[in-house]
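The structure appears below as structure tokens.
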Amino acid sequence: MRKYFETIRFVVILGLFTSTILLGMEYITNKKIEAVIAARFKQSVLEAHSLSYTQNNVNDIYEAEITELDLEDVTFYVSNTTGNITFEFSGGGVWGPISGIITLDSNFELIVNIIVLVQEETPGLGGIVAEDQYLETFVGKSMLPSIDIIKDAITLENNQVDSITGATKTSDAFETILNTTYSTYKTIWDNQ
Amino acid sequence: MRLIKLKYTKWYNIMKQGLSESNPIAIAVLGICSALAVTNRVENAIAMGLGVTFVIIASSATISLMRNFIPSKVRMVTYMVVISTYVIAVQMFLEAFYSDIATALGAYVGLIITNCIVMGRAEAYAVKNPVHYSIIDGLANGLGYTYVLVVVAIIREMLAFGTILNYQVLPDTWENWVVMAMAPGGFFILGMFIWLIRELTKNYEVVN
């Protein structure tokens, strides 16, 4: 019996010791990590608008070139030069969330760029959803009436994109995320 | 738990063991998964090597300090908890202060937890020996891992990209060997390196 208590006492002390280390590290790094994530997001927005930057001038270029418009709790990132509009999208994929940013032209209709920032799909199959080569097939396509990701198409209309071979569910999920986000954001944008 | 005390030796002999005679990669062939994955760039190899070195030293020191109190039934779990704590600390540190390297290393920083070298040193050395010897042993094994990674990475980065630490060292006419940036290139160079180290230390496997 005494041995069991000793084991439990050891486990509790070990838990306190390791938790202290982790909480200490969290305290030291938390703000810095948040700043890194914010800077990385700004870099992605600049890349979405094809704006070049260096690590030292990210904030300066961002402030000079991008206007943040907050409408009904949604932020739109508008290019001061082209008028192109970027906003975030997110939703459920097959294995986890898929999120990123999409840039549309100033008419809020044609896709200029899509960047997937987070995904947990199957590497080599659904994971292709984050690859530049696949996302480039969306460029120039229309979000109206809706973007359609279709299988085995011979010819593609202006609102249609090929699905990822062997990853139909990821393709369907991505289509739903883009269309749902677009319809919500389009209403907000039109109401401004 | 019955502890077997090792015969203590001079600190430089422990260092020599970790760096050459019992080198974790070249002789024990432990931790080669991450070694293959991160050695296509020298800066990644240095960051990974330093991360693993810190984790081995810190976990060996902690295990050694606790060695008289660890109940034998929860021995392995204790190693895992301690190692995981230090690995998460390294991960947070890299994400906060070296985010590019953290991104380049990806999941491999988290996978230091599963690196056999760390658990191996805890079980084979730290749990039986005083803290100062355990720290030297951790340092020796960490540096033994790091220098193999860096040497392999220098060769791979040079052949794959014509650079070392992103500085161009081969002429612009150099045709990059793409295979060297991929895992098969890592296997090839690591295999050659293991052969070289075993030849130099006269460490041959004996067939019974």
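Our note on the geometry: Cα centres of segment B:90-129 and segment A:82-111, 35 Å apart.
Across all C-alpha atoms in segment B:36-135, the radius of gyration and Dmax reach 14.1, 42 Å. Here is what passes the span test in chain B: the DSSP H helices with alpha carbon length of 18 Å or more along the helix axis and a Kyte-Doolittle mean of 1.0 or above are B:42-66, B:75-97, B:131-161, B:183-200. Note on A:Lys32: lysines with a C-alpha under 17 Å away, same-chain residues under 8 apart excluded, are A:Lys42. Note on chain B: GNM, Cα springs under 10 Å; of B:Val77, B:Val42, B:Val148, the largest mean-square fluctuation is that of B:Val77. Annotation for A:Asn158 and A:Phe5: the two label points, set 7 Å from Cα along the Cα-Cβ direction, are 8.1 nm apart.
Going by the alpha-carbon gyration tensor, a ≥ b ≥ c the square roots of its eigenvalues, is segment A:1-122 rounded (a/c under 1.5) or, if a/c is not under 1.5, prolate (a/b greater than b/c) versus oblate?
The shape class here is prolate.
Each Lys and Arg adds +1 at its Cβ and each Asp and Glu adds -1 at its Cβ; summed about the Cα centre, chain A shows a dipole of about 1180 debye. Comparing mean-square fluctuations of A:Leu71, A:Leu135, A:Leu14 from a GNM of chain A with C-alpha springs under 10 Å, the top value falls on A:Leu14. At the listed q of 0.06, 0.08 Å⁻¹, the Debye profile of the protein assembly as shown, built from one uniform point per Cα, gives log10 I(q)/I(0) equal to -0.35, -0.60. Projecting the Cα positions of B:Val87, B:Gly120, A:Ile147 onto the charge dipole of the protein assembly as shown (unit charges on Cβ atoms of Lys, Arg, Asp and Glu, taken about the Cα centre) puts B:Gly120 furthest along the positive direction. Model label points for B:Glu123 and A:Lys32, set 7 angstrom from Cα along the Cα-to-Cβ axis, are 3.4 nm apart.
The calculated FRET efficiency for the pair A:Arg40 and B:Phe97, based on their C-beta separation and a Förster distance of 22 Å, comes to about 0.95.
The calculated FRET efficiency for B:Val179 paired with A:Ser90, based on their beta-carbon distance and R0 = 41 Å, is about 0.65. Note on B:Arg121: accessible area approximately 60 square angstrom, rounded to 10, probe 1.4 Å, nucleic acids and ligands left out. Taking a straight line from the alpha carbon of B:Lys16, these lysines sit under 30 Å away, with near neighbours fewer than eight places off in the same chain left out: B:Lys5, B:Lys7, B:Lys128, B:Lys202.
Our summary gives segment B:12-153 a relative contact order of 49 percent, counting only alpha carbon pairs under 8 angstrom and 6 or more residues apart.
What percent do you get for the relative contact order of chain A when only Cα pairs under 8 Å and 6+ apart count? Don't skip to the end; give the middle numbers.
Working: 265 pairs, mean separation 26.2, N = 192.
Taking the mean separation of contacting Cα pairs over the length of chain A, I get 14 percent.
Around the Cα centre of segment B:12-153, unit charges on the Cβ atoms of Lys, Arg, Asp and Glu (plus for the first two, minus for the last two) sum to a dipole of about 440 debye.
For A:Lys186 and A:Lys151 in the same chain, what is the full-extension length gain: residue separation times 0.36 nm, less their Cα-Cα distance, in nm? Can you show the working numbers first?
Numbers: separation 35, 0.36 × 35 = 12.60 nm, distance 2.66 nm.
Contour length minus Cα-Cα distance gives 9.9 nm.
Express the carbon and sulfur contribution to the solvent-accessible surface of the protein assembly as shown as a percent, rounded to the nearest whole number, probe 1.4 angstrom. The nonpolar share, carbon plus sulfur, comes to 61 percent. When chain B is treated as a GNM with alpha-carbon contacts under 10 Å, the residue of B:Val87, B:Val178, B:Val127 showing the greatest mean-square fluctuation is B:Val178.
The values are calculated or read from the model by the stated rules, or taken from the named source; none is laboratory data. This structure is a prediction, so every number in the text was calculated from the model and none was measured. All Cβ positions, glycine included, derive from the backbone under ideal geometry; neighbour counts span all protein chains shown. For accessibility, only protein heavy atoms count, side chains too; no ligands or nucleic acids. Shrake-Rupley method; radii C 1.70, N 1.55, O 1.52, S 1.80 Å.
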